[in-house]
Each structure stands twice: as structure tokens, then as C-alpha cells.
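**Student:** One structure is given below, represented as C-alpha cells, and several questions about it will come after.
The values are calculated or read from the model by the stated rules, or taken from the named source; none is laboratory data. Not measured: the values here are computed from a predicted model. Virtual Cβ from ideal backbone geometry, glycine too; neighbours counted across all protein chains shown.
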Amino acid sequence: MKVSDFNYDLPEALIASEPLPNRTDSRLLVLDPRTGRITDRQFPAIRDYLRDGDLLVINDTRVLPARLHGRKASGGAVEILLERLTGGAEALAQIRASKTPKPGTQIRLEGGVSVEVVERAGDFFRLRFPADPPLPQLLEQYGHMPLPPYIKRQDTDEDRERYQTVFADKPGAVAAPTAGLHFDEALLGALQADGVETASLTLHVGAGTFQPIRSETIAGHDMHAEWLSVPASVCEAIQRTRACGGRVVAVGTTVVRALEAAAAPGELAPFEGETEIFIYPGFEFRVIDGLITNFHLPGSTLVMLVSALAGREAILNAYRHAVEAKYRFFSYGDAMLILPGAGGARP
């Protein structure tokens, strides 16, 4: 398969650059790949498609204010985008500067804090921050929310709240698990009252999620690594759901990657560590039945993932419909529900 097989035409005007006034104001495209039927709804109608005994699995990662601005001793401007905290006062990061910084380079951040470039590490740089204040605190003080590259504006105070899910809990991501942005506390409470259970795992989304595929074929792409934790409580909730005939619905592609990585040895089990799992058509799903997701970039690994679940033609047809119906695309955009049982696991 070629990467170009997963492209589609998207007018730039449909890329959402701002959140809607309320999280649940977004639209919902409901896709049944078995019939090809597409239904246009508003997001709160998700309740009509989930039933008593179903399980929603959410990603409770919290986005770090991971973009930092500074200058080298020469005066040259530098932008730092953290990829992940690696422990203590060190982190991996992308650096944008007029010249590639060498090991030992000092970068002076806003607020007067100096950061040392320790070494090059593949596509990233290893950085060492001062021990005081602690790095998470430093980011809260001086960092900016790492809005995706297709949002052509500076971050605002509103993004500090709206580029987080209401269930964000464990800091570590540099991009939001955007399918979860459509839920508010009231909708989650209504689903609970409907008998829909919720379970939480953690996958810290990395900046690699926005990296373009540089090969012409899918097989030639090296997937980026992300850290995740699937606790025993999630595995037990899935077992209970299966035993009762319920369905497992992932809230976002990050949840799909986490669950299917944890089940990669053949059976779902608690897992903590990194994954480079690459899901594309032909993948055998072991855990999920359905998926709530946003609309993804043309030719991206995430379009390939949803195509693996629902079928490439069904997904591309749904995307063409979304363009014609003027849905809002990407992180702050609208949502899609791939109906449970559309190609995923079975109870």
C-alpha cells in the first residue's frame, strides 16, 4: 500500500483553529462501515449509540505547556518543543533555530532560565534544565501550550483549559488526545446514568504524531515511540464488559494504540512502557469494537489506523462527505463515531 492511497482533498478553511464555545457543541459523523451508511448528528447524540453494559476507554494524559521560547548567547531566537520528560531535570525536545545547536550550547529562556543542550539524540536533542524549580513547575511558569502546526496562531489562556480533556490527570503529553475534547462532565455523567462504564489508561502523546510520513509506501515508515500505561483495572473492566456482552469503545486513536499494544503478545494484559505499534489495513484488532475519533490529516498514520478498523473506502467516503458537509477538521474540529462491531474485536 502507498501513502498516497490515504490522501484526500481538504480545503484549508475547514481546519478548526479555535475551540467551539462549549465542548459538546461539536458535530458527530456516525459511520457504519458494514452498510456504508453515514448519519450527521451533534456530539451529545453519542448516547443514542452506546448502551447499558458498554465500556468507554479514555486516555487521562495531561498536555504539558511544552513549547518554550529563548535565545542563544549569539542572540539568535530558539523555539523548543519538548517531546518527553526523561527524568530529573532532563528532557528530549525538538529545537527550531537558524543553526543546529551543538552540545554545550546554552539557551536562555523567557524568565532568565538557562537550558543546556547535552547531545543530539536522533531527531531530537537531549536538554538539561536547572534542578530548581522542578521541570514541570518551570513549564507551568514559562511554557506555552503546544498547539499543532496547522493551527496558525499563538496559544492563549483559553487553550490552557480547552486543549485538555476534562479527565486529564497525568502530565506528560505534548499533544492532546483530541477525541476526548468533546466530552464535558455533564455528558460523562449522563452516560454513566445510562449504564455506560468508563475506564482510564495513559498514553503520553508525542510530537511525532504530527510528523509527515517520508516514505512512499507504508512498509517504509518507521513509527514514533510513545509511552503508555494500561493498568490492571482497565484489563479487568474489559473482561467484565466482555462477560456481560458489552462492547469496548475507544475514545481516540491513542486508546486504540495503547490497548492493542498491550494485547500484542496475544492476550490483553497490564503493560507499562513504550510502543511503536503501527496500525494500518490488515491489522487484526484484539480489543476494541468501536471508536470515537476526530478527523485526521491526509496521508497520516491515523487515517491508516481508522481505515484498518472501518475499511479504506468507507473512511475516504466518510471524509469526502465531511468535507462536503463542512465539518470542522483536526484537533479542535468535529468527531466521528465508527460504530461498534464494524471490524474490531468481538465479545
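Residue-wise test of (1) at positive phi; (2) among the polar types (S, T, N, Q); (3) modelled with pLDDT of 95 or more; (4) under 18 Å from the mean Cα position of the chain (by Cα).
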residue: Ala13; (1), (2), (3), (4): no, no, yes, no
residue: Leu20; (1), (2), (3), (4): no, no, yes, no
residue: Arg23; (1), (2), (3), (4): no, no, yes, yes
residue: Ser26; (1), (2), (3), (4): no, yes, yes, yes
residue: Asp40; (1), (2), (3), (4): no, no, yes, no
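**Student:** Same structure, new question: Provide a single number: the residues in segment 68-93 that are in a strand (DSSP E or B), over 18 Å from Gln154 (Cα atoms) and touching a strand residue (DSSP E or B) at 6+ places or on another chain (Cβ under 9 Å).
**Tutor:** Within segment 68-93, the first condition is being in a strand (DSSP E or B), and the residues that meet it are 68-72, 77-87, 90-93.
When the remaining residues are screened for being over 18 Å from Gln154 (Cα atoms), the result is 71-72, 83-87, 90-93.
Filter once more, keeping what is touching a strand residue (DSSP E or B) at 6+ places or on another chain (Cβ under 9 Å): 71-72, 83-86, 90-93.
Total meeting the criteria: 10.
**Student:** Mind telling me which of the residues Pro146, Pro65, Pro133 ends up being over 20 Å from the mean Cα position of the chain (by Cα) and more than 30 Å from Cys235 (Cβ to Cβ)?
**Tutor:** Details: Pro146 fails: over 20 Å from the mean Cα position of the chain (by Cα); Pro65 fails: over 20 Å from the mean Cα position of the chain (by Cα).
So the residue among Pro146, Pro65, Pro133 that is over 20 Å from the mean Cα position of the chain (by Cα) and more than 30 Å from Cys235 (Cβ to Cβ) is Pro133.
**Student:** Right, next: Just one of Lys72, Lys99 is crowded, with 17+ Cβ neighbours inside 10 Å, among the charged types (D, E, K, R), out of contact with any Cys (no Cβ under 6 Å at 6 or more places or on another chain) and free of Cβ contacts under 8 Å to residues at least 60 places away in the same chain; which is it? Working first, answer last.
**Tutor:** Numbers: Lys99 fails: crowded, with 17+ Cβ neighbours inside 10 Å.
Criteria check complete, one pass: Lys72.
**Student:** With the checklist (1) closer than 19 Å to Tyr49 by Cα; (2) surrounded by fewer than 24 Cβ atoms within 10 Å (Cβ to Cβ); (3) touching an Asp or Glu at 6+ places or on another chain (Cβ under 7 Å) in hand, flag the one item Phe285 doesn't pass.
**Tutor:** Going through the list (1) closer than 19 Å to Tyr49 by Cα; (2) surrounded by fewer than 24 Cβ atoms within 10 Å (Cβ to Cβ); (3) touching an Asp or Glu at 6+ places or on another chain (Cβ under 7 Å), Phe285 breaks only (1).
**Student:** Then there's this: Taking only segment 157-180 into account, find how many residues are more than 16 Å from Pro65 (Cβ to Cβ) and at pLDDT below 95.
**Tutor:** Residues meeting the conditions: 0.
**Student:** Which is surrounded by fewer than 24 Cβ atoms within 10 Å (Cβ to Cβ), under 14 Å from the mean Cα position of the chain (by Cα) and part of a loop (DSSP other than H, G, I, E, B), of Leu302, Leu297? First the steps, then the outcome.
**Tutor:** Details: Leu302 fails: part of a loop (DSSP other than H, G, I, E, B).
Residue meeting the stated conditions: Leu297.
**Student:** Within segment 55-64, can one find any residue that is in a loop (DSSP other than H, G, I, E, B) and under 30 Å from Ala193 (Cβ atoms)?
**Tutor:** The first filter runs over segment 55-64 and keeps only residues in a loop (DSSP other than H, G, I, E, B), leaving 60, 64.
Adding the requirement that they be under 30 Å from Ala193 (Cβ atoms) leaves 60.
Yes - at least one qualifying residue is present in segment 55-64.
Here is a yes/no grid of residues against (1) touching a Lys or Arg at 6+ places or on another chain (Cβ under 7 Å); (2) more than 26 Å from Cys244 (Cβ to Cβ):
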{"position": "Glu18", "(1), (2)": "no, yes"}
{"position": "Asp25", "(1), (2)": "no, yes"}
{"position": "Val30", "(1), (2)": "yes, no"}
{"position": "Gly36", "(1), (2)": "no, yes"}
{"position": "Ala45", "(1), (2)": "no, no"}
{"position": "Val57", "(1), (2)": "no, no"}
{"position": "Leu64", "(1), (2)": "no, yes"}
{"position": "Leu68", "(1), (2)": "no, yes"}
{"position": "Arg71", "(1), (2)": "yes, yes"}
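**Student:** Considering only segment 97-118, I want to know if a residue exists there that is assigned to a loop (DSSP other than H, G, I, E, B) and within 26 Å of the chain's Cα centre (by Cα).
**Tutor:** No, segment 97-118 contains no residue that is assigned to a loop (DSSP other than H, G, I, E, B) and within 26 Å of the chain's Cα centre (by Cα).
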